[in-house]
1. Taking the Cβ of A68 as the centre, find all other residues whose Cβ is under 11 Å away and add up their charges (Lys, Arg: +1; Asp, Glu: -1).
2. Among C30, C16, C7, what is the fewest-to-most ranking by other Cβ atoms within 10 Å?
3. DSSP loop (so not H, G, I, E, B), at most 14 other Cβ within 10 Å: list which trypsin sites (Lys or Arg not before Pro) in region 8-49 pass both filters.
4. Using a basic spin-label model with each label point 7 Å from the Cα along Cα→Cβ, how many nm lie between R18 and A43?
5. Grab the Cα-Cα distance for L90 and C30, subtract it from 0.36 nm times how many residues apart they are, and report the gain in nm with one decimal.
6. Taking amide hydrogens as modeled 1.01 Å from N in the peptide plane, which residues meet the under 5 Å criterion relative to A10, leaving out close sequence neighbours?
7. How high is the relative contact order of region 5-107, in percent, with contacts defined as C-alpha pairs under 8 Å that are six or more residues apart?
8. Neighbour counts of other C-beta atoms within 10 Å: give me F85, F21 arranged from fewest to most.
Amino acid sequence: MSGAEECRGAVVRSLCGRDRFRLYMITGRCDGDSQRVTIADGALHPLSKPKKKSLRHLAVLAAASGEATSVLSSDSELKSYLEAFERDALENSINAADSIKSKERHRT
């Protein structure tokens with residue numbers, strides 16, 4: 001993730017700090033610093049006052065997409081998008097775990 005501008009709209013999870021495990025979306029790059037980006041979640045850190053965070057303290061969960069960058073127009077859309085993203089990720093991990101369990105049952 002070298003260029004932060006290309007990552008605008010990427011969904012990330014914070015790895016360090018008080019906001020650890022919280023989902024955000026990259027909104028831009030900090031002026032003059034290629035290793036820091038601005039992130040927002042639409043609630044605690046609205047688009048009007050994004051948080052500055054180092055790239056090494058973030059894990060990219062989903063690359064930027066057209067749909068993702070379109071939600072950067074309002075806090076409520078961004079918050080809803082991130083909540084839906086987290087809900088879908090949770091459902092997918094539960095389905096994957098169920099699939100593994102069923103495969104293990106069929107082996108025995």
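Read the figures in this text as sums done on the coordinates, not as results from a lab. All figures in this text were calculated on a predicted structure; none of them were measured in a lab. All Cβ positions, glycine included, derive from the backbone under ideal geometry; neighbour counts span all protein chains shown.
1. Here the charged neighbours net out to -1.
2. C16, C30, C7
3. R18, R20
4. Taking the simple label geometry, R18 and A43 are separated by 1.6 nm.
5. Values: separation 60, 0.36 × 60 = 21.60 nm, distance 3.11 nm.
That works out to 18.5 nm of additional length.
6. Amide H neighbours of A10, under 5 Å, 5+ apart: I26, A64.
7. Relative contact order, region 5-107: 26 percent.
8. Details: F85 16, F21 8.
Least to most surrounded, the residues fall as F21, F85.
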